[in-house]
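In what follows, a single structure is set out as structure tokens and then discussed.
Computed from the coordinates by the stated procedures, all read-outs in this text should not be read as laboratory data. Nothing here was measured: the structure is a model prediction, and the numbers come from that model. Here the Cβ is made from the backbone with ideal geometry for all residues, glycine too, and neighbour counts use every protein chain on show.
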Amino acid sequence: MSDASDGSFMFDLFCAEVETHAATLTDGLLGLERGGGSAQAIEPLMRAAHSIKGAARIIGVDAAVKVAHAMEDCFVAVQAGRTALGPADVDVLLSGVDWLKKVPAAADRATCALPEADVRLAEETTARIRALGTGAQSAPAPAVPVPAPPPAPAVSEVPQVPAGRTSSPPAREEDARAPATARPGAQEPQRIVRVDAAGLERIMTLSGELFVQAGRLEAVSAALGRMRSASDRMGGMLERAFQAAEAGDVARAVELVLLGKQQNERCGRGLAASEADFEAVRRRMLGTSERLYHEVRSSKMRPFADCAQGFPRMVRDISKSVGKVVRLQLAGLNTGVDRDIMEKLESPLTHLLRNAIDHGIEAPERRINAGKPMEGVIVMEAWHAAGMLVISIADDGAGVDFARLKRTIVERKLTTAELVERMSEAELLDFILLPGFSTRDAVTELSGRGVGLDIVQNMLQEVGGTLRMESKPGRGTSFTLRLPLTLSVMKAVIAEISGQPYAFPLSRTSRCLRVPRDQVVLEDGLPCLETEEGRVRLVRAAEVLELPGPGAADGAVSAVVIGDGAGRCALEVDRLLGERRIAVRPLDSRLGKVQDVSAAAVLDDGTPVLILDAEDLLRSAELAGTRDRTGDDGAGRAGPRAARRVLVVDDSPTVREVERQILEKAGYEVDMSINGMDAWNAIQSAHYDAVISDIDMPRMNGLELVRRIRGDQRRPRLPVVIVSYKDSPGDRERGLEAGADLYLSKSSFQDDTLLRAVQEFLGQAAA
């Protein structure tokens, strides 16, 4: 290894040490601020500062040596009782931690030299820290801009995971790091990836076992080859016996037949032995492969602590800046998180925490007046459930003021007061996730811009996750994020529908049922099943997927229940084939978004299956139920149309119903779709005189729908009206550029704007 690569390797080790020990220092200092100044609490801080000092001395970063040494001396003084640390003193020490965390990004990789400004800041920080050790009054700590470092393991006590929730076993803190050596012509150093040392050893062991077992297959293959040769010889004997019999040499024919019989018996014994050997090797290789897969997947997982390590400090600093007292309580820190998922989590979780501090937790005086402790608490918890990573962020603040939220929605002309009053709490909370939406009248450093929660929603949609928001006035608000454990493999329930297997993601499947058909009950004219969680609507999966074939003919109903809470639905299938682990294979991008399908996979026996999209299925099932009540199957009607026909597209059932009532009262026929993909499928199979569509919808938004309609040569002049909560000039411009004929705000419900727009395009309702 060259000197340059030696230096690069040492610098990488130093960076790793700073990440790990800076996390220890941050957690420990926050504990000291809360009153945990025991000798046991000081000892880890002394060791962390000492370790950074030693590592910095080895690579020659003298400024880091001085800062770390000053911190170590301060901790020694605190442990000896010569000084005590107050909140302002903790701020000074944290500024030292911030400076140390900045070194890996600021130092020159080859020479380890720091910019002059950073050296001066280090001298000032060192002086302030040394003053703490002498008991002198500390000046306010300067703000040190710290670039976001790569995740590093946090050393902290992990609260007990609630019963019924599972988390990954604690990861050992010994990590193996791949050296980032410089290659000729390389523009960037190699990426450093942490791998648990014990896990890496297990992977190597399992790989060795798999290699040995694969070698045994060669012996089995050779034995089968010998059986093939013996079989050929036996065939030759029988052929010669047949020839001898034809020539009248019966004795020779009998002799050859007897030899062939003996050869056949030997082949049978050899084949049985080879079959037994093959089965033994197959079982061992299958078990070893499965264990190897789990180990490799585990090596790609990092504890949730890596993602959450900087949040307690952030909550502490932000709450101080707004005059609140807030404590972040972390749980499930050992829960495994896929590295790819973890990279996407930091920004959404940061926004949710900032939102909880600014909007959720009340000011200290308000909390005291409400009979609450002065200190607000935010609980961030992670766990695994049903093959999903679940992260919950809950505060004990004031909760959402629904009356104020309704006023804001109406004042911003997002919809009418009448429609707002008809909306459920879940629909009202959806407005908070809209881009640009804020209940704040004034813009502050933390809020009022309406930026943040839509970022969370967008990230979850990107990885196939979901977000649920709940709020209880006076008691607090919670956000629950459900994300896939990994983006490449999933567990699924395999069911047969119209003679073909389909996969239901286990993460969105609440249960599978097989019940006598006479247990199906009717509610509002629709079939339902009774479950432990209550009554759930039953819809034939073949009908939802628009597949041919009758339902099951026997006296039992097999069903897969998808969704949760009030949004559940039971899909009747032909047969339940069991639970499998499948490798996800994305569909060809040229197909676009296929309705009700998210991806594909291949089963163990080579059978291809489509992985169904649970969110799409729930909406399609809802639409199927609506058609059942109206007797409309969505297909084109035969004979002349008595009235103009309009397709209403919106994922909100309340909005759909309002638009339907407005148009039907004017004499128009109305069909409804629940998202852009469902609408596009309806347009392909039926005639419509106009389309009214929302923008923000799952699976295919309104802009994509408009572009598809405009790209369809068969319907170049089909009028399309966008009706959306988004009402900025930029939103309007994007809608019209996509090809919409008119762009209206949903505030148009309060007058006859929507109706007049439809009449302008179609005239009166009668054809």
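Would you list Arg339, Arg128, Arg660 from fewest to most Cβ contacts within 10 Å?
Numbers: Arg339 15, Arg128 22, Arg660 18.
Neighbour counts put them in this order, fewest first: Arg339, Arg660, Arg128.
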What FRET efficiency do you get for Glu421 and Leu286 if R0 is 56 Å and r is their Cβ-Cβ distance, rounded to the nearest 0.05?
0.40
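In what order do Lys300, Lys101, Lys472 fall by count of nearby beta-carbon atoms within 10 Å, going from fewest to most? Mind showing how you got there, number by number?
Numbers: Lys300 17, Lys101 23, Lys472 12.
The order, fewest Cβ neighbours first, is Lys472, Lys300, Lys101.
Could you sort out which of Lys665/Lys726; Lys102/Lys726; Lys324/Lys406; Lys102/Lys372 sit more than 32 Å apart by Cα distance in this structure?
Working: Lys665/Lys726 26 Å; Lys102/Lys726 41 Å; Lys324/Lys406 27 Å; Lys102/Lys372 39 Å.
Pairs exceeding the cut-off: Lys102/Lys726; Lys102/Lys372.
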Residues whose built amide H sits under 5 Å from the amide H of Arg327, excluding neighbours closer than 5 in sequence, are Gly376, Val377, Ile378
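What trypsin sites (Lys or Arg not before Pro) does segment 692-722 have in DSSP loop regions with at most 16 other beta carbons within 10 Å? Kindly include the intermediate steps, with their values, before the conclusion.
Working: sites: Arg699, Arg707, Arg708, Arg710, Arg714, Arg717; in loops: Arg699, Arg714, Arg717.
When the trypsin sites (Lys or Arg not before Pro) of segment 692-722 are filtered for loop state and at most 16 Cβ neighbours within 10 Å, Arg714, Arg717 remain.
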Quick one: check the C-alpha center-to-center distance for segment 310-338 versus segment 674-695, whole angstrom.
45 Å
For His21, His359, what's the fewest-to-most ordering of other Cβ within 10 Å of each Cβ?
His359, His21
Let me make sure I get this right: for segment 196-299, a, b and c are the square roots of the gyration tensor eigenvalues over alpha carbons, sorted descending. Under 1.5 in a/c it's rounded, otherwise prolate if a/b > b/c, else oblate. Which is it?
prolate
Quick one: which residues, 5 or more positions from Arg511 or on another chain, have an amide H under 5 Å from its amide H? H modelled 1.01 Å from N in the peptide plane, none for Pro or chain starts.
Val561
Show the residues, 5+ positions off or on another chain, whose built amide H is closer than 5 Å to the amide H of Leu744.
Ile722, Val723, Ser724
What whole-number distance in Å separates the alpha-carbon centres of segment 384-405 and segment 43-59?
40 Å
